[in-house]
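Engineer: Quick one: this structure, given as structure tokens, is what I'll be asking you about.
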Amino acid sequence: MNSGTNALLGGANLTTLQAHILEQQQRNPEASGTLSWILSALSISAKVITSKVRRARLDDVLGSVGHENVQGEQQQKLDVISNEVLLRLLGGREGVAIVASEENEESVILRSAGAGDRKYCVLFDPLDGSSNLDVCGGVGTIFSILRFDQSASKPEDSLLQPGAQQVAAGYVLYGSSTVFVLSLGQGVDMFVLDPSIGAFVRVAQNLRIPAASKSYSVNEGNRRSFPVGYQRYLDWAQEHGYSSRYVGAMVADLHRILLKGGVFMYPPTAKAPAGKLRLMYEANPMAMLIEQAGGKALVAPGERVLDVVPSSIHQRTPLVIGSPSEVDHVMAHLV
Ligand code: P6P
């Protein structure tokens, strides 16, 4: 392309998420396109949810539906809407055998034996941090993709795999722009929704998390009930000039840390003795992304998130995740 045309295009980024997905598929001789179709459904879901989130106050769909979800949290109207969007779009993809959602107590079997391609399981938190919606704060969608085990005695058994078995993980951040961050196991790539063309365009490839940054992210309101090692870490960090940033939506906090470095933690608390965050569709996908970008994600000293063998789809976990040396500083105070 000559410089004149380039000038006209203004150097526009012309690699869309769809093109990126097809590029990755072409690199894998065994790829049949099933995973690409599933990622396409997630991309469309992100665009639909973006539209719902941006219009929430105008369409009067803010606030709670008036009852708690399976997690014991006030279910927001947009939690339900976002969940329905994902279930419907993934339901239309032959390759999805079963899905698990933060909003559904039981997993949802989409295809029984013999029906469809049934290669993958998809787990998701449809709208993480949704309590931020009413105040126009950042919220996100988190997803995790595992291979479906056709030989499993029960389809739902395929869901209980360690995070290290994920074939893909990603999140969508509905912030000042809509950002789609994805890993297929060979690094982390970032896309931004361009509303003028209705497509996610690639803005960064093979993202690397800064090795260190004097910033931590934790709900210090729970400090008094943290195990003492975490309290010792906070004293150390404050003595060493660390700043504190906490949005209350893990996707927003971890997107900042992925780009600028730092450490996020949700320790055990009196209210959540096993930690608050869910292993399968919050900690595992975020751990894959952060590790793929050169970071660390641990549940305790020496225990990787991705090595935890799950026993239930909604189980919770403590989490310390972010820049490798910042995670090390936390762990040094826990032993
Ligand atoms: P707290 C949102 O509800 C969430 O699951 C994460 O996105 C977030 O980091 C955390 O919980 C916030 O919890 O107890 O600080 O409000």
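Engineer: Provide the solvent-accessible area of residue 303, counting protein heavy atoms only and rolling a 1.4 Å probe, rounded to the nearest 10 Å².
Structural biologist: Around 100 Å² of this residue is reachable by solvent.
Engineer: In what order, largest first, do 282, 84, 103 sit by accessible area if the probe radius is 1.4 Å?
Structural biologist: My answer, sorted largest first, is 84, 103, 282.
Engineer: Helix-only estimate, please: 222 nm mean residue ellipticity of the chain, summing -39500 (n - 2.57) across DSSP H runs of length 4 or more and dividing by its residues, to the nearest 500. It would help to have the intermediate numbers written out before the result.
Structural biologist: Numbers: 8 runs with 95 residues, N = 335.
Result for the chain: -9000 deg cm²/dmol, rounded to the nearest 500.
Engineer: How much of residue 54 can a 1.4 Å solvent probe reach, expressed as accessible area in Å² and rounded to 10?
Structural biologist: Here the residue's solvent-accessible area equals roughly 110 Å².
Engineer: What size of dipole, in debye to the nearest 20, comes out for the chain about its Cα centre when the only charges are +1 on Lys and Arg C-beta atoms and -1 on Asp and Glu C-beta atoms? Don't skip to the end; give the middle numbers.
Structural biologist: Working: 29 positive and 32 negative charges, 101 e Å.
In total the dipole reaches around 480 debye.
Engineer: Which whole-number percent gives the relative contact order of the chain, counting Cα pairs below 8 Å spaced six or more residues apart?
Structural biologist: 15 percent.
Engineer: Provide the net charge surrounding residue 32, with neighbours chosen by a C-beta distance below 11 Å and charges set as Lys +1, Arg +1, Asp -1, Glu -1.
Structural biologist: On the way: positive: 119; negative: 30, 94, 117.
So the environment of residue 32 carries a net charge of -2.
Engineer: Also: Quick check for you: with a 1.4 Å probe and neighbouring chains kept, what is the accessible area per residue of segment 181-242, in Å²? Before the final figure, lay out the partial values.
Structural biologist: On the way: 3030 Å² over 62 residues.
Averaged over the residues of segment 181-242, the accessible area is 49 Å².
Engineer: Treat each spin label as a single point 7 Å out from the Cα along the C-beta direction, and report the residue 225 to residue 208 distance in nm.
Structural biologist: A separation of 4.1 nm, rounded to one decimal place.
Engineer: Moving on to the next point. For the chain, set up a GNM with springs between Cα atoms under 10 Å and report which of 151, 323, 215 has the largest fluctuation.
Structural biologist: Among 151, 323, 215, the largest mean-square fluctuation in the Gaussian network model of the chain belongs to 151.
Engineer: Now a separate question. How many nm separate the modelled label positions at residue 307 and residue 73, each set 7 Å beyond the Cα in the direction of the Cβ?
Structural biologist: Those two pseudo-labels are separated by 2.8 nm.
Engineer: Ignoring ligands, DNA and RNA, what percent of the accessible area of the chain is carbon or sulfur (1.4 Å)? List each step's numbers first, then the result.
Structural biologist: Values: 7340 of 14420 Å².
The C+S portion of the solvent-accessible surface of the chain is 51 percent.
Engineer: Decide, for segment 190-233, between rounded, prolate and oblate: order the square roots of the alpha carbon gyration tensor eigenvalues as a ≥ b ≥ c, take rounded if a/c falls under 1.5, and otherwise choose prolate if a/b is larger than b/c, else oblate. Write out the running numbers ahead of the final one.
Structural biologist: Values: a/c = 5.57, a/b = 2.45, b/c = 2.27.
Note, shape of segment 190-233 comes out prolate.
Engineer: Continuing with this model, one more query. Can you list the lysines whose alpha carbon sits under 23 Å from that of residue 276, skipping same-chain ones fewer than 8 residues off?
Structural biologist: 77, 296
Engineer: Sticking with this one: Tell me, what is the percent relative contact order of segment 215-334, built from C-alpha pairs under 8 Å that lie six or more residues apart? Spell out each step's value before the answer.
Structural biologist: Numbers: 192 pairs, mean separation 37.0, N = 120.
In percent, rounded to a whole number, it is 31.
Engineer: Nearest 5 percent is fine: what portion of the DSSP beta bridges confined to segment 9-204 is antiparallel? Present the calculation step by step, with values, prior to reporting the outcome.
Structural biologist: Numbers: 35 of 40 bridges.
Roughly 90 percent of the beta bridges in segment 9-204 run antiparallel, per DSSP.
Engineer: Around residue 302, with a cut-off of 14 angstrom between Cβ atoms, what is the net charge of the other residues, counting Lys and Arg +1 and Asp and Glu -1? List each step's numbers first, then the result.
Structural biologist: Working: positive: 296, 304; negative: 303, 307, 328.
Charge balance near residue 302 sits at -1.
Engineer: How many percent of DSSP beta bridges within the chain run antiparallel, rounded to 5? Could the numbers behind the result be given before it?
Structural biologist: Values: 46 of 55 bridges.
Here the share of antiparallel DSSP bridges comes out near 85 percent.
Engineer: Which aspartates and glutamates does residue 47 reach when only Cα atoms under 15 Å apart count, and residues fewer than 8 places away in its own chain are ignored?
Structural biologist: 84, 194
Engineer: Restricting to bridges with both residues inside segment 215-334, how much of the DSSP beta-bridge set is antiparallel, in percent to the nearest 5? Let's see the in-between values first.
Structural biologist: On the way: 11 of 15 bridges.
Looking only at bridges with both residues in segment 215-334, the antiparallel portion is about 75 percent.
Engineer: Then there is this: Tell me whether the chain comes out rounded, prolate or oblate; compute the Cα gyration tensor, take square roots of the eigenvalues as a ≥ b ≥ c, and use a/c under 1.5 as the rounded threshold. Numbers along the way, then the final one.
Structural biologist: On the way: a/c = 1.41, a/b = 1.19, b/c = 1.18.
Cα axes put the chain in the rounded bin.
Engineer: Put 225, 196 in order of accessible area, largest first, 1.4 Å probe: what do you get?
Structural biologist: Descending accessible area places them as 196, 225.
Engineer: Counting only protein chains, not ligands or nucleic acids, how are 236, 37 ordered by accessible area (probe 1.4 Å), most first?
Structural biologist: Details: 236 50, 37 155 Å².
Solvent-accessible surface, decreasing: 37, 236.
Engineer: So how far, in whole Å, is the C-alpha centre of segment 266-319 from the one of segment 59-87?
Structural biologist: 24
The values are calculated or read from the model by the stated rules, or taken from the named source; none is laboratory data. Quick caveat, the model's predicted, so the values are computed rather than measured. So basically every Cβ, Gly included, is an ideal-geometry build from the backbone, and we count neighbours across all protein chains shown. In case anyone asks, the SASA skips ligands and DNA or RNA and just uses the protein heavy atoms, side chains included. Shrake-Rupley method; radii C 1.70, N 1.55, O 1.52, S 1.80 Å.
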